[in-house]
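What follows is one structure encoded as structure tokens, with my remarks underneath.
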Amino acid sequence: MEKVTGKGHRLLLMPLPFQGHITPLLHLGDILYSKGFSITIIHTSFNSPDPSTHPHFTFLPIHESLSESEASSIDSLHLVDLINVRIIQPLKECLDKLMRSKEETVSCFIADAVLHSTQSVCDGFKLRRLVLRTGGATSFVVFASIPLLRENGYFPIQESRLDEPVVELPPLKVKDLPWFETRDPELFYNLTSPIFDSLKASSGVIWNTFEELESSTISKFGQEFSIPIYPIGPFHKHHFPKPSSSFTIWTPDTSCISWLDTKEPKSVVYVSFGSIASITEAEFLELAWGLAHSNHPFLWVVRPGLVRGSEWLELLPDGFMESLGGRGCIVKWAPQEKVLGHEAIGAFWTHCGWNSTLESVCEGVPMICMPCFGDQKVNAKYVSDVWKVGVKLEGKVERIEIERVIKRIMSGDEGKEIRENVLNLKEKANLCLKEGGSSYNYLDALVNAM
Ligand code: UDP
């Protein structure tokens, strides 16, 4: 029988308010709820999650006074910085009330790794803080190495050095190093230090990854940081006795599932670049023509805001979709986990956000990688060159290259080998969650520690 250990204990979980961070945190809440803990989600009013997807959780908004218009007027690094500052006071007030409650013991606070300012707030209440890293372990180690890499001259990244190896972090090349477009590059370097300082002061790190996927990084991390580590992923594949619906900031268009039902097995290219990445108008058109010329059916998520300077599809030539005779389907937002699990999907053209990468691995779907910023470049390198479960779309986005890459992955010996590799990893992802598997055991250790 499943052990239920957390009864009478409440856990407080706080996400960074972005899609790719909220989803895994809610999944983690589900995992810990299934172990008997009561779950409270403390969240910002900005990009707040929908409580109705998780009626068995308590949702507590804090009022950090961050408006949509303020958030959209700054880049993501400044936004993260601002959120860290603005949450301090309302979080203190919120914890003050919660910690006085006599009904339940608050066991610990689990915060997204990026919310470094929560460490000092928790210290003020003598509340243990665990860190949730929603991205991969390898990219986390790369972020931790940024001060050293800067000292060794890799930053700022120079165009002329892109193909040079990063000797400190094989097999990465300079072009695989994380970067964010920002008007103030110093902020990039300055943000990483408090994240890792607060990590060292925490009671441990929970990872949405599994040992078999990132074993060498996980052991390297263990040697460098003397805090407990809990790689218990893939979160979304754990068994939840009380199923929740997935939370997404936008409503998924489920009509694409019946469209997929009409397609042959493994014939469709699914294209999505997650919730934040954007492309230029020229890239959008190359993508559209590349997909059209590939002769494969495609399901393409064009999120409003995906194309810089454009509302939605107005750049497509008149009659473009009609000319494909039902071979293409475009939606604003897809039920991605369901899509990737659909038998019609043959490949996933992705920006290599960590959730998308893991979801693709778990469904055994080969990837075409087009990383845009941050950790996506590290993930793409591992997908293509280490796990060999995908191919990278390199250089300028051009229709001929797109057509070529789609053919490479959908057919031929290379495509076959990639498919075998990803099915192999899928099997490992399944096994690690079973009794005695690595994530199963780490979860036991985590629950005992809490
Ligand atoms: N997603 C979705 N529908 C879409 C596109 C994305 O549900 O049409 C989900 C996807 O399943 C994943 C998350 O949004 O869980 C995106 O996270 P990821 O880390 O891949 O990228 P980010 O959005 O953080 O760049």
Criterion violated by I402 - all others in (1) buried (at least 22 other Cβ atoms within 10 Å of the Cβ); (2) within 29 Å of H238 (Cβ to Cβ) satisfied:
(2)
Among residues of the stretch 342-361 being away from the ligand (no atom under 11 Å from the Cβ) and within 25 Å of R133 (Cα to Cα), the residue surrounded by the fewest Cβ atoms within 10 Å (Cβ to Cβ) is W349
Before we move on, is F298 among the aromatic types (F, W, Y), near the ligand (Cβ under 10 Å from one of its atoms), buried (at least 20 other Cβ atoms within 10 Å of the Cβ) and modelled with pLDDT of 95 or more?
no
Quick one: is P317 within 16 Å of the ligand (Cβ to nearest atom) and out of contact with any Cys (no Cβ under 8 Å at 6 or more places or on another chain)?
no
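What about G328, is it more than 21 Å from L162 (Cα to Cα), touching a strand residue (DSSP E or B) at 6+ places or on another chain (Cβ under 7 Å), of a type in the set (G, A, S) and assigned by TED's automatic domain parsing to the domain that holds A277?
When the stated conditions are applied, G328 passes them.
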Checking L77, L66 in turn, the sole residue that is in a loop (DSSP other than H, G, I, E, B) and either among the basic types (K, R) or modelled with pLDDT under 95 (or both) turns out to be L66
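Per-residue answers, yes or no, for (1) out of contact with any His (no Cβ under 6 Å at 6 or more places or on another chain); (2) not charged (D, E, K, R):
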residue: C369; (1), (2): yes, yes
residue: C372; (1), (2): no, yes
residue: V383; (1), (2): yes, yes
residue: V386; (1), (2): yes, yes
residue: V389; (1), (2): yes, yes
residue: E394; (1), (2): yes, no
residue: E401; (1), (2): yes, no
residue: V405; (1), (2): yes, yes
residue: R408; (1), (2): yes, no
Please give the number of the condition E93 fails out of (1) surrounded by fewer than 22 Cβ atoms within 10 Å (Cβ to Cβ); (2) free of Cβ contacts under 8 Å to residues at least 40 places away in the same chain; (3) not in a helix (DSSP H, G or I).
(3)
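Could we say that F273 is closer than 29 Å to L32 by Cα and modelled with pLDDT of 95 or more here? Lay out the reasoning, then the answer.
Numbers: closer than 29 Å to L32 by Cα: no; modelled with pLDDT of 95 or more: yes.
So F273 does not fit the description; no.
Would you say S310 is away from the ligand (no atom under 16 Å from the Cβ), farther than 30 Å from F210 by Cα and either touching an Asp or Glu at 6+ places or on another chain (Cβ under 8 Å) or modelled with pLDDT of 95 or more (or both)? Break it down stepwise before answering.
Details: away from the ligand (no atom under 16 Å from the Cβ): yes; farther than 30 Å from F210 by Cα: yes; either touching an Asp or Glu at 6+ places or on another chain (Cβ under 8 Å) or modelled with pLDDT of 95 or more (or both): yes.
Considered against the rule, which asks whether it is away from the ligand (no atom under 16 Å from the Cβ), farther than 30 Å from F210 by Cα and either touching an Asp or Glu at 6+ places or on another chain (Cβ under 8 Å) or modelled with pLDDT of 95 or more (or both), S310 comes out as yes.
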Do you know which residues across the stretch 167-176 are over 14 Å from V386 (Cβ atoms) and either touching a residue at least 40 places away in the same chain (Cβ under 8 Å) or surrounded by 12 or more Cβ atoms within 10 Å (Cβ to Cβ) (or both)?
E168, V174, K175
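For the subset of the stretch 254-263 comprising residues that are outside any loop (DSSP other than H, G, I, E, B) and not charged (D, E, K, R), which member is nearest to the ligand (Cβ to nearest atom)? Spell out the reasoning first.
Within the stretch 254-263, the first condition is being outside any loop (DSSP other than H, G, I, E, B), and the residues that meet it are 255-261.
Applying the additional criterion that residues be not charged (D, E, K, R) yields 255-260.
Details: S255: 13, C256: 9, I257: 12, S258: 16, W259: 14, L260: 13 Å.
Selected residue: C256.
Kindly indicate whether S72 is at pLDDT below 95 and in contact with a Lys or Arg (Cβ under 7 Å, 6 or more places away or on another chain). Step through it out loud before you land on a result.
Details: at pLDDT below 95: yes; in contact with a Lys or Arg (Cβ under 7 Å, 6 or more places away or on another chain): no.
So S72 does not fit the description; no.
Which one is nearest to the ligand (Cβ to nearest atom), of the residues in the stretch 200-253 that are among the hydroxyl-bearing types (S, T, Y) and within 19 Å of L358 (Cβ to Cβ)?
From the stretch 200-253, those among the hydroxyl-bearing types (S, T, Y) are 202-203, 209, 215-217, 219, 226, 230, 244-246, 248, 251; that's our starting set.
When the remaining residues are screened for being within 19 Å of L358 (Cβ to Cβ), the result is 209, 215-217, 230, 244, 246, 248.
On the way: T209: 12, S215: 22, S216: 22, T217: 18, Y230: 19, S244: 14, S246: 7, T248: 5 Å.
Looking at the filtered set, the residue picked out is T248.
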Quick one: count up the residues across the stretch 109-123 that are surrounded by fewer than 22 Cβ atoms within 10 Å (Cβ to Cβ) and more than 16 Å from V85 (Cβ to Cβ).
1
For A334, the lone unmet condition from (1) aliphatic (A, V, I, L, M); (2) within 30 Å of L77 (Cα to Cα); (3) more than 11 Å from the ligand (Cβ to nearest atom); (4) crowded, with 24+ Cβ neighbours inside 10 Å is (3)
Show the residue pairs that are 6+ apart or on different chains and have beta-carbon atoms under 7 Å apart, the first residue being within the stretch 424-450 and hydroxyl-bearing (S, T, Y), the second being in a helix (DSSP H, G or I) and surrounded by 15 or more Cβ atoms within 10 Å (Cβ to Cβ).
S438/E211; S438/E212
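If you check Y189 against the conditions, is it assigned by TED's automatic domain parsing to the domain that holds I74, in a helix (DSSP H, G or I) and either surrounded by fewer than 22 Cβ atoms within 10 Å (Cβ to Cβ) or touching a Gly at 6+ places or on another chain (Cβ under 6 Å) (or both)? Don't jump to the end; show me each part of the working.
Working: assigned by TED's automatic domain parsing to the domain that holds I74: yes; in a helix (DSSP H, G or I): yes; either surrounded by fewer than 22 Cβ atoms within 10 Å (Cβ to Cβ) or touching a Gly at 6+ places or on another chain (Cβ under 6 Å) (or both): yes.
Here the answer is yes, as Y189 does meet what is asked.
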Quick check, is L291 closer than 19 Å to Q336 by Cβ, assigned by TED's automatic domain parsing to the domain that holds G328, of a type in the set (A, V, I, L, M) and crowded, with 16+ Cβ neighbours inside 10 Å?
yes
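For the stretch 396-406, indicate whether the set of residues that are touching a Lys or Arg at 6+ places or on another chain (Cβ under 9 Å) and touching a residue at least 40 places away in the same chain (Cβ under 8 Å) is non-empty. Steps first, please.
Here is the first cut: in the stretch 396-406, the residues touching a Lys or Arg at 6+ places or on another chain (Cβ under 9 Å) are 405.
Filter once more, keeping what is touching a residue at least 40 places away in the same chain (Cβ under 8 Å): none.
The answer is no, given that none of the residues of the stretch 396-406 is touching a Lys or Arg at 6+ places or on another chain (Cβ under 9 Å) and touching a residue at least 40 places away in the same chain (Cβ under 8 Å).
Select, from V121, V106, the only residue that is assigned by TED's automatic domain parsing to the domain that holds S215, part of a strand (DSSP E or B) and away from the ligand (no atom under 16 Å from the Cβ). Write out each step before concluding.
Details: V121 fails: part of a strand (DSSP E or B).
Just a single option satisfies the conditions, and that option is V106.
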Can you list the helices (runs of 4 or more DSSP H) lying wholly within the stretch 363-450 that have 1 or more residues being at positive phi?
412-431
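The values are calculated or read from the model by the stated rules, or taken from the named source; none is laboratory data. None of these values were measured; they are calculated from a predicted model. Every residue, glycine among them, receives a Cβ derived from its backbone with ideal geometry; neighbour counts consider all protein chains shown.
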